[in-house]
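Presented below is the structure to which this report refers.
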Amino acid sequence: MTMMTGAEIVIRCLQEEKVDYVFGYPGGSVLHIYDELFKQDKVKHILVRHEQAAVHAADAFSRSTQRVGVAMVTSGPGATNAVTGIATAYMDSIPLVVISGQVPTTYIGQDAFQECDTVGITRPCVKHNFLVKDVRDLAATIKKAFYIASTGRPGPVVVDVPKDITAAKCKFEYPAEVKLRSYNPVIKGHSGQIKKAIQLLLGAKRPMIYTGGGVILSNASEQLTRLTRLLGFPITNTLMGLGAYPGTDRLFLGMPGMHGTVEANMAMQNCDVLLAIGTRFDDRVIGNPENFATVPRKIIHVDIDPSSISKRVRVDVPIVGNVQDVLDEMIRLLEVEQDKKDISDWWSEIEGWRARQCMNYAMKDAIMPQYVIEQLWEITGGDAIITSDVGQHQMWAAQYYKFDKPRRWLNSGGLGTMGVGLPYAIGAAFANPDRQVACVTGDGSIQMCIQELSTAKQFGLPIKIINLNNRYLGMVRQWQEMFYSRRYSQTYMDSIPDFVKLAEAYGHVGIRVDKPEDVVPALKKAFIDHKDDLVFLDIRTAREANVFPMVAAGKGLSEMVLADENL
Amino acid sequence: MRHIISILLENEAGALSRVAGLFSARGYNIETLTVAPTEDMSLSRLTIVTSGSDEIIEQITKQLNKLIDVIKVVDLSEAAHIERELMLIKVRATGKDREEMKRMADIFRGRIIDVTEATYVIELTGSGSKLDSFIQAIDADLILETVRTGVSGIGRGDRVLKV
C-alpha cells in the first residue's frame, strides 16, 4: 500500500465515489487539496464566484440527478459563506458532502487567521458533520459522509479537514462499505400497516393522495403514477413534489397550499381518507393545523423519517419506510385486491371545484407573468429543467409550468432562499448537458447571486434567465398590499441595474422585453437563435400582479382568496 | 408531565452538544442533564429530565433517535425505574444550628463530609424531590452553597439499556 498525503486521500476518495464535479472556491486551508486537484483530471472542479453558490450548484447537481453533490470551501469565511447553501439543502433533504478546510489542528481554538468553529456553526443545519483530527481517519470519514448523506432521509454532511491533516501521510485504503451501530435507516415498511392502509384506501368514498419531495428523492415517480392510476384517485403534489406525477394528467389537481388550486385545497380539506407520501404537512401546505384537524378524515402517512410522522398532524396509519419500497408493496397488494368503492360522486364534486378555473388571469396592456411562464412551457415542450428563486415568480413557475417528470423543477422549498436560481441553473447545466435549463427569477432574487454570471461565462453554460422584473420585491409587496394597507415598506427597488447591459458586461446576451406581443419572439430568440448562449431576458411585467389563489398565513385551506374576488 | 429520558450515545467530541443543541433548537426544555462514559469507554450514558405533553415527548424521542451519534433512547418514566441525584450542600453550622444541622442530615440519611468551625458540607443522595425537601426543611439563611448532579436513572428488573 502506498503512502499518501491527506490532500491526495481527499481526491482519491472523491474518485472512488465517482464524483465528476466539485463546486468550490480555493483558499489558504485547502491549498494542498487544490494542488492535488490540479494534478489529476478525473474530478473536475467548477470555480464559482462565492461559496454560497458552490453549495447551491452542488445541491442542484444532486436535485437534478439523485447523485450526491460535492462542494469544497476554505476555512473561516469560506465555511460561513457556505452555511446558507448547507441550510437550504438540509431543509429540502438534499444529499451533499461539503469538504471545508480548517486551520491546522495545533491552531484550533487560538483565534487563528480564517478560523471559525465550522462544526459548531453548521451543526444545526447538517445531517451530520465531522472534524478530522487524524489523517488515518480521513478516508473512512469521507466514506461515512457519502453514506450518511445519501441513505435514509438524505441531507448534507460537512467534513472539516485541518490543513496539517492534508499534509500528513498515511496508507490509503478506501473502505468498501461502512456500518454505523448508531445509524440504521428503515427501508421496508411494516407489512401489517401497509395492509391496513390498503383496506382504508379501498373503503374510501372521498380519497385524496398528497405527495411531496420524498417521492422524488426516493425515485418513486413511476410507482406513484402506477398506484394513482390503479386507484383512480385524485392527486396533488406539493411545491417540492412537482413532477412526481404528470402535471398534465386529469387525476392531477395542481399544487396544494398557500398558493394551491381550489380543487387541490378543497379536496385536501374535504377528503375522508388522505394518503400522504414523502411529505411533512408543512405550514405552507396545510395552513393552520388546528383548522386542518377539524375534519375527521383518516390519514395514512408514508415517510422514511419517523420524526416527520405525527409532528404537525395526528396520523392514523403511520408507515415508516422508503417511499419506493412501500409503494411497490402497495401496488403488489392492490393488483390482487377486489373492487374498490365507487367514487364518481366525489369526482363530480372535485370537477365542480375545478370548474372554478382558479388559475385564470386577465391579460392587460402590461406583460402578465403567468403568460410568460405558459409561453416558456410551450417553447421548451414542457421538458426543460426549471430553476427558480424565491417569491412571486417562484409560485407562478410552480403554478403555470406543468411538470410531467421528476427532477425538472429545482427550487428552495423549505428554507426559501433567494439567490438559488442562477447557481441551481449552473449545477443543473453541468449535470444535464443535453437538456434545456431555464432560471425563472425576479429583479430582487437575481441580484443575490448575480456574480455567478461570471461562472456561467467561464464554462459556456447556455442557461436562459427569465427575469420577471416588476421593480418590486413582489411577494413582500403583495403581503403589504393585502395585510399592511399598501404601506410598501422597503419593497420598491428604485435603483435596479440595467440587466441587459449587466448581462452584456459579463459577456452574455441580454434582451429587454416590454410588451406582451414581444414575449414569444424574445423566447424564440433565446431558445432558438441563441441556443448555445446564456441569454438574460429582462421581462418588464405588470408591476402589481398578485399570486392567487392565496390562503393567508394561519388560515385554513378552504379560506382561499381568489384572483377574481380581488380584481 | 415530567419524563426521564436515557440516551446511549457515542463517546465522541461534540456528541453532547448535538443533544443539547437539539433541545434548544426545537424549544424543548431541559430540567437536568447528566452524562458520563459507561463501562464501555466508547459509549456515554446521558440522562435528561424534561417535561412536555405526550406529543412533545414523542417528538423528543424521535428527534434524538435521528442524531447519528445516538445509539438508543429510552423514556425511563414509562415503566418502573429508580432515579437518584447527588447533592453537596454547604451550610453554616454555628451555635445551636450546628446540632440542628447534624440532626437534619441524619433524618435525611445524609452524611457530613467536611467540617470546619463554622460550616458543614453535607452529602445527600436520593430522588430529586427528596433533595428539594431537604432544602425546604432547613433554614434558607443557613445555606451557603448547593451543587447538584442532576438525575441519573435506571430501569427496574430486567429492563436494560445496552447496545
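Observations on the model:
- Residue list for the range A:64-83, restricted to those being surrounded by 24 or more Cβ atoms within 10 Å (Cβ to Cβ), closer than 22 Å to B:S17 by Cβ and not hydrophobic (A, V, I, L, M, F, W, C): A:S75
- Single unsatisfied condition, A:F130 versus (1) aromatic (F, W, Y); (2) more than 28 Å from A:I304 (Cβ to Cβ); (3) assigned to a strand (DSSP E or B): (2)
- Restricting the range B:40-49 to residues that are more than 20 Å from B:R156 (Cα to Cα) and of a type outside the set (S, T, Y) leaves a set whose member that is nearest to the other protein chains (Cβ to nearest Cβ) is B:L43.
- Test: residue in the range B:106-120 that is in a strand (DSSP E or B), more than 14 Å from every other protein chain (Cβ to nearest Cβ) and within 19 Å of B:T34 (Cα to Cα): no
- B:R98 more than 14 Å from chain A (Cβ to nearest Cβ), over 24 Å from B:L9 (Cα atoms) and assigned to a loop (DSSP other than H, G, I, E, B): no
- Of the residues contained in the range B:30-39, none is found to be facing chain A (nearest Cβ under 10 Å) and either surrounded by fewer than 13 Cβ atoms within 10 Å (Cβ to Cβ) or farther than 26 Å from B:R148 by Cβ (or both).
- Among the residues of the range A:250-277, those identified as in a loop (DSSP other than H, G, I, E, B), out of contact with any Ser or Thr (no Cβ under 6 Å at 6 or more places or on another chain) and farther than 19 Å from A:S344 by Cβ are A:M255, A:G257, A:M258, A:H259, A:G260, A:T261.
Residue-by-condition table, conditions (1) over 30 Å from A:G381 (Cβ atoms); (2) part of a helix (DSSP H, G or I); (3) touching a helix residue (DSSP H, G or I) at 6+ places or on another chain (Cβ under 9 Å):
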{"site": "A:E452", "(1), (2), (3)": "no, yes, yes"}
{"site": "A:G460", "(1), (2), (3)": "no, no, no"}
{"site": "A:I465", "(1), (2), (3)": "no, no, yes"}
{"site": "A:M475", "(1), (2), (3)": "no, yes, yes"}
{"site": "A:M482", "(1), (2), (3)": "yes, yes, yes"}
{"site": "A:R486", "(1), (2), (3)": "yes, no, yes"}
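- The numbered conditions (1) more than 14 Å from chain B (Cβ to nearest Cβ); (2) among the charged types (D, E, K, R); (3) surrounded by fewer than 20 Cβ atoms within 10 Å (Cβ to Cβ) are all true for A:D389 except (3).
- Taking the range A:304-328 as the range and being in contact with a Gly (Cβ under 9 Å, 6 or more places away or on another chain) and at the interface with another protein chain (Cβ under 8 Å from one of its Cβ atoms) as the test, only A:D305 passes.
- Near pairs, Cβ below 6 angstrom, 6+ apart or cross-chain, from the range A:203-218 (surrounded by fewer than 24 Cβ atoms within 10 Å (Cβ to Cβ)) to any residue that is outside any helix (DSSP H, G or I): A:A204/A:D272; A:A204/A:V273; A:K205/A:D272; A:K205/A:K341; A:R206/A:C271; A:R206/A:D272
- Going through (1) farther than 23 Å from A:H45 by Cα; (2) surrounded by fewer than 18 Cβ atoms within 10 Å (Cβ to Cβ); (3) in contact (Cβ under 8 Å) with a residue 24 or more places away in the chain; (4) polar (S, T, N, Q) one by one, A:N470 falls short only on (2).
- Any hit, the range A:161-174, residues being of a type in the set (D, E, K, R) and within 13 Å of chain B (Cβ to nearest Cβ): no
- Of all residues in the range B:1-29 being away from every other protein chain (no Cβ under 12 Å) and free of Cβ contacts under 8 Å to residues at least 24 places away in the same chain, the one that is surrounded by the fewest Cβ atoms within 10 Å (Cβ to Cβ): B:G27
- Where helices (runs of 4 or more DSSP H) sit wholly within the range A:314-429, those with at least 2 residues that are in contact with a helix residue (DSSP H, G or I) (Cβ under 8 Å, 6 or more places away or on another chain), charged (D, E, K, R) and in contact (Cβ under 8 Å) with a residue 60 or more places away in the chain occupy A:323-336, A:344-354.
- Filtered by the rule that a residue be crowded, with 19+ Cβ neighbours inside 10 Å and in a strand (DSSP E or B), the range B:86-95 gives B:M87, B:I89, B:V91.
- Among the residues making up the range B:56-85, those that are more than 11 Å from chain A (Cβ to nearest Cβ), in a helix (DSSP H, G or I) and surrounded by 17 or more Cβ atoms within 10 Å (Cβ to Cβ) are B:I57, B:L76, B:S77.
Per-residue answers, yes or no, for (1) at pLDDT 95 or above; (2) among the polar types (S, T, N, Q):
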residue: A:F130; (1), (2): yes, no
residue: A:D137; (1), (2): yes, no
residue: A:T141; (1), (2): yes, yes
residue: A:Y147; (1), (2): yes, no
residue: A:V158; (1), (2): yes, no
residue: A:A167; (1), (2): yes, no
residue: A:K179; (1), (2): no, no
residue: A:V186; (1), (2): no, no
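- Total residues in the range A:80-92, condition in contact with a Gly (Cβ under 6 Å, 6 or more places away or on another chain) and either within 12 Å of another protein chain (Cβ to nearest Cβ) or in a helix (DSSP H, G or I) (or both): 2
- Of residues in the range A:181-221 being within 29 Å of the chain's Cα centre (by Cα) and within 14 Å of another protein chain (Cβ to nearest Cβ), the one nearest to A:I94 (Cα to Cα): A:P185
- Residue match in the range B:85-99 (condition: of a type in the set (K, R) and within 26 Å of A:N129 (Cβ to Cβ)): no
- Condition check for A:A71: free of Cβ contacts under 8 Å to residues at least 12 places away in the same chain, away from chain B (no Cβ under 14 Å), at negative phi and not in a helix (DSSP H, G or I): no
- Of all the residues in the range A:219-248, those that are free of Cβ contacts under 8 Å to residues at least 60 places away in the same chain and among the charged types (D, E, K, R) number 2.
- Taken over the range A:98-124, residues that are assigned to a loop (DSSP other than H, G, I, E, B) and within 25 Å of the chain's Cα centre (by Cα) amount to 0.
- Of the numbered criteria (1) of a type outside the set (S, T, Y); (2) within 19 Å of the chain's Cα centre (by Cα); (3) not in a loop (DSSP other than H, G, I, E, B), the one B:R18 fails is (2).
- Within the range A:29-63, the set of residues being in a loop (DSSP other than H, G, I, E, B), surrounded by fewer than 24 Cβ atoms within 10 Å (Cβ to Cβ) and of a type in the set (A, V, I, L, M) comprises A:V43 only.
- Considering only residues in the range A:311-356 that are among the polar types (S, T, N, Q), modelled with pLDDT of 95 or more and more than 15 Å from A:M208 (Cα to Cα), the one that is surrounded by the most Cβ atoms within 10 Å (Cβ to Cβ) turns out to be A:N322.
The values are calculated or read from the model by the stated rules, or taken from the named source; none is laboratory data. Being a predicted model, the structure only gives us computed values, none of them experimental. In this analysis, Cβ positions are derived from the backbone assuming ideal geometry, glycine residues included, and neighbour counts consider all displayed protein chains.
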